[in-house]
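The values are calculated or read from the model by the stated rules, or taken from the named source; none is laboratory data. Only a predicted model underlies this, so the values are computations on that prediction, with no experimental measurement involved. So basically every Cβ, Gly included, is an ideal-geometry build from the backbone, and we count neighbours across all protein chains shown. Keep in mind that these areas ignore ligands, DNA and RNA; they rest on the heavy atoms of the full protein, side chains included. Shrake-Rupley method; radii C 1.70, N 1.55, O 1.52, S 1.80 Å.
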Amino acid sequence: MTELRQRVVHDPDAPPEDKELESEAKVDGETASDSESRVEAVTQPTSADDTPEVLNRALSNLSSRWKNWWVRGILTLAMIAFFFIIIYLGPMVLMMIVMCVQIKCFHEIITIGYNVYHSYDLPWFRTLSWYFLLCVNYFFYGETVTDYFFTLVQREEPLRILSKYHRFISFTLYLTGFCMFVLSLVKKHYRLQFYMFGWTHVTLLIVVTQSHLVIHNLFEGMIWFIVPISCVICNDIMAYMFGFFFGRTPLIKLSPKKTWEGFIGGCFATVVFGLLLSYVMSGYRCFVCPVEYNNDTNSFTVDCEPSDLFRLQEYNIPGVIQSLIGWKTVRMYPFQIHSIALSTFASLIGPFGGFFASGFKRAFKIKDFANTIPGHGGIMDRFDCQYLMATFVNVYIASFIRGPNPSKLVQQFLTLRPDQQLHIFNTLRSHLMDKGMLTAATEDE
């Protein structure tokens, strides 16, 4: 196997970060090889300026630093406006957008792997990658449908059969892909093919699994979807703003433009933003109620009696703070206390998702995952922190918020055989009588 090299095209007008990547690309990359030969990491050429021509003309008189600031700012506002629109369209549209984002992120990461190793003509690499994506999505979304649309599934015979054998079907689909991969192995490419097999599965773990958790968070109530995502967006914006105007001290070598000033400023701004946003959203049922499927109307509903988490309560202020602000008590929603945990994670731990992505990009000598959004890179460049945040929110809800769901228990109870239902009824009746909640007289009535 001959050794392959690809030179980076030098652009004298490229921004500083591109030149830095060019200089790094001159150094031999990490290798992927079989026992007889070594292949250097193939470097992608520096991407051209993808800024819309209208903005290029309007900002032509500005320096590259301020031009980039305005381009990022304008497109950020456009993305925020789009975010508001899809929230207005409801939970079903949000789920579809999450699916589209997942597919695009998967495509961007798999494309990097294909661009690096495409010269070796690995058989079925991209075909199997997309096949495994289909299998994993079938498994996860099938579980979600069975869990949240239980009554509908039991009502339709085809869905009931698919639900009953869902895991077996999912395993069979995956096993088919596994066998196809084994049959595609080619002599002298074994190690490289196993590298790409691992690449695909790690991508599935990072992208598909965590996007599935985003859907679960959404079903808990739109507030559990909107607040965490908004906190990450706020931290990203405010860290950039503080770093742009006040940044002096580098934060981490993986991201040379990140500064301590931006990191600390973004943290405080995000906590304040989380408190304010949580206060506003906690007063609306459409945001705090769990997303449930109404069998009568065959549609999603978000109407309920808000839990204590979303009812104003009075809290005593610690004496030290009382002397500073002069207040003894404060009225706030309990959810706002949880929002402090969410916003703190978004500002302190969330950025490490971005650092991880930066390290990944530098390993393959690329600036962005793609050039989908001018000034921002690819979709994965915008969602590198969101996936980490989604996992934390799901774990947080399961650990501190979620309790037994009576409606789901009733739905499952109604699908049991009559003798099983009677056994549960007698067991529950005996339990309530032992606790004194149900007396013999009440039973006779």
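Heavy-atom accessible surface of T172, to the nearest 10 Å², is about 60 Å², with a 1.4 Å probe and all protein chains retained. Solvent-accessible surface of segment 302-445, taken per residue with a 1.4 Å probe and all protein chains present: 60 Å². Using the Cα gyration tensor of segment 242-354, with a ≥ b ≥ c the square roots of its eigenvalues, what is the shape: rounded (a/c below 1.5), prolate (a/b larger than b/c) or oblate (neither)? Oblate.
When the residues Y396, Y284 are ordered by accessible surface, computed with a 1.4 Å probe over the protein chains alone, the sequence from largest down reads Y284, Y396. Ranked from largest to smallest solvent-accessible area, with a 1.4 Å probe on the protein heavy atoms, S307, S184 come out as S307, S184.
The Cα atoms of segment 301-414 give a gyration tensor whose axes a ≥ b ≥ c have a/c of 1.5 or more with a/b no greater than b/c, which makes the shape oblate. Beyond 23 Å in Cα-Cα separation lie the following of the pairs K257/K367; K188/K361; K67/K258; K187/K367; K253/K365: K188/K361; K187/K367. Taking all Cα pairs closer than 8 Å and separated by 6 or more residues, the relative contact order of segment 148-299 comes to 24 percent.
If a/c stays under 1.5 just call it rounded; otherwise compare a/b with b/c (prolate if a/b is bigger, oblate if not). Do that for segment 141-219, with a ≥ b ≥ c from the square roots of the Cα gyration tensor eigenvalues. Verdict is oblate for segment 141-219. Pop out the carbon and sulfur fraction of the accessible area of segment 185-224 as a percent, whole number, probe 1.4 Å. Carbon-and-sulfur percentage of accessible area, whole number: 69. For segment 165-244, chymotrypsin sites (Phe, Trp or Tyr not before Pro) are listed when DSSP marks them as loop and at most 12 other Cβ atoms sit within 10 Å of their Cβ; the list is Y165. May I ask for the distance between the Cα centers of segment 205-240 and segment 407-428, given as a whole number of Å? So the two Cα centres are separated by 36 Å. Once both labels are positioned 7 Å from their Cα atoms along Cα-to-Cβ, the gap between R402 and T144 label points is 1.3 nm.
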